[in-house]
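Here the structure is laid out as structure tokens; the discussion comes afterwards.
The values are calculated or read from the model by the stated rules, or taken from the named source; none is laboratory data. What you are looking at is a predicted structure, and each value in this text was computed from that prediction instead of being measured. Neighbour counts run over all protein chains shown; Cβ positions are idealised from the backbone, glycine included. Note: accessible area is taken over every heavy atom of the protein model, side chains too, but ligands, DNA and RNA are not part of it. Shrake-Rupley method; radii C 1.70, N 1.55, O 1.52, S 1.80 Å.
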Amino acid sequence: MTPQEERNQKLAERMIKNLNRRNMEAFYCPTGKEAVMKVSELIADGSTVTWGGTVTVRHLGIPEVLKERETLNVLDRDAIETPEEKEAMYLRAFTADVYLTSANAISEDGVIVNIDGNGNRVAAITWGPKKVIFVIGLNKVAQTVEAALARARSTASPTNAQRFDIKTPCRTDGTCHNCNSPESICSYVHFLRNSRNKGRHVVVLVGENLGY
């Protein structure tokens, strides 16, 4: 085990204890390949499953793996084409057995931070789907909640602004301006401190750099 791998292992072990204390299940996978296997293992046959706007889940190829499982009912949000279909899919996500997502940041003591433009992702994290599975690379870990929020605003949001090619100040110069732009993707700031229903929120930590 390399020094980096050993550090990741120890950090993940401590974070798992903190997440468990917050009523969340948590696992550590050193590699993305192991994470894909763990996520699939966590989804029971017969489940209806979908995902949010997550680069991490797509980068790992999880949607393709799930679509190959004939025992699952997959609500494929990536197959929608029109605004009407998008809105309908957002609403159907609330009825899913499993909702897959990632995080913009997570503190070492287990608070998960997400920022949304439309709010559908943070809404589903909060209420609706029976189980929410987060897949989070250790590159998104911050030492404190304040540092996690700073990471979400200064790193994840400007990067996503580039990805969506929207007209915000951070799209122009890559840094957060705390703006009130009509196209702001920072309309909804969400902190998941505790899972009210034990086990509803599951976190798969991955020892790789994933997503933004």
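Taken along its three principal axes, the alpha carbon spread of segment 1-73 comes to 40, 28, 22 Å, from the longest extent down to the shortest.
Taken per residue, the accessible surface of segment 1-140 reaches 47 Å², heavy atoms only and a 1.4 Å probe. Phi-derived couplings, Karplus 6.51 cos²θ - 1.76 cosθ + 1.60 at θ = phi - 60°, listed residue by residue for segment 45-60: 4, x, 6, 9, 9, 8, 8, x, x, 10, 5, 4, 4, 6, 4, 7 Hz, with x used for Gly and Pro. So what J values fall out for segment 166-175 if you push phi through Karplus, 6.51 cos²θ - 1.76 cosθ + 1.60 with θ = phi - 60°, rounded to Hz, Gly and Pro as x? Ordered by residue, 3J(HN,Hα) equals 9, 8, 10, x, 5, 5, 7, 10, x, 10 Hz. Peptides 86-99, 2-15 ranked from most to least packed by the mean count of surrounding Cβ atoms within 10 Å: 86-99, 2-15. Starting from the Cα gyration tensor of segment 34-110, take the square roots of the eigenvalues, sort them a ≥ b ≥ c, and report rounded, prolate or oblate (rounded when a/c is under 1.5, otherwise prolate if a/b is larger than b/c, else oblate). Oblate is the answer for segment 34-110, as a/c is 1.5 or above yet b/c matches or exceeds a/b.
In straight-distance terms, cross-link reach from Lys198 covers every one of the aspartates and glutamates whose alpha-carbon lies under 18 Å from its own, apart from those fewer than eight places away in the same chain; here that gives Glu25, Asp97, Asp109. Couplings 3J(HN,Hα) for segment 5-18, derived from phi with the Karplus relation 6.51 cos²θ - 1.76 cosθ + 1.60 (θ = phi - 60°), are 5, 5, 4, 4, 4, 5, 4, 4, 4, 5, 5, 4, 4, 5 Hz, where x marks Gly and Pro.
The alpha-carbon positions of segment 108-161 define a convex hull whose volume is 90 Å³ per residue.
All other residues whose Cβ lies under 12 angstrom from that of Thr101 are scored, Lys and Arg at +1 and Asp and Glu at -1, for a net of +3. Computed over the chain, the per-residue total of -39500 (n - 2.57) for DSSP H runs of n ≥ 4 gives a 222 nm mean residue ellipticity of -10000 deg cm²/dmol, rounded to 500.
Please calculate how many Å² of accessible area segment 152-212 carries per residue, with a 1.4 Å probe and no DNA, RNA or ligand atoms counted.
Working: 3560 Å² over 61 residues.
Here the residues of segment 152-212 average 58 Å² of exposed surface.
Roughly what percent of Cα-Cα pairs across segment 1-137 reach past 18 Å? Working shown, then result.
Details: 5357 of 9316 pairs.
Value for segment 1-137 (Cα pairs over 18 Å): 58 percent.
Taking every Cα-Cα distance in segment 83-212 and sorting them into 10 Å bins from zero, the calculated P(r) comes out as 13, 41, 36, 10, 0 percent.
Within the accessible area of the chain, the carbon and sulfur atoms contribute 49%, probe 1.4 Å, all protein chains present.
Amide H of Val74: which non-local residues (sequence gap of 5 or more, or other chain) have their own amide H closer than 5 Å, using H built in the peptide plane? Those qualifying (amide H under 5 Å, at least 5 residues apart or on another chain) are Val49.
Among the listed pairs Lys130/Lys167; Lys67/Lys140; Lys33/Lys131, give every one whose C-alpha distance is greater than 32 Å.
Listed pairs above 32 Å: Lys130/Lys167.
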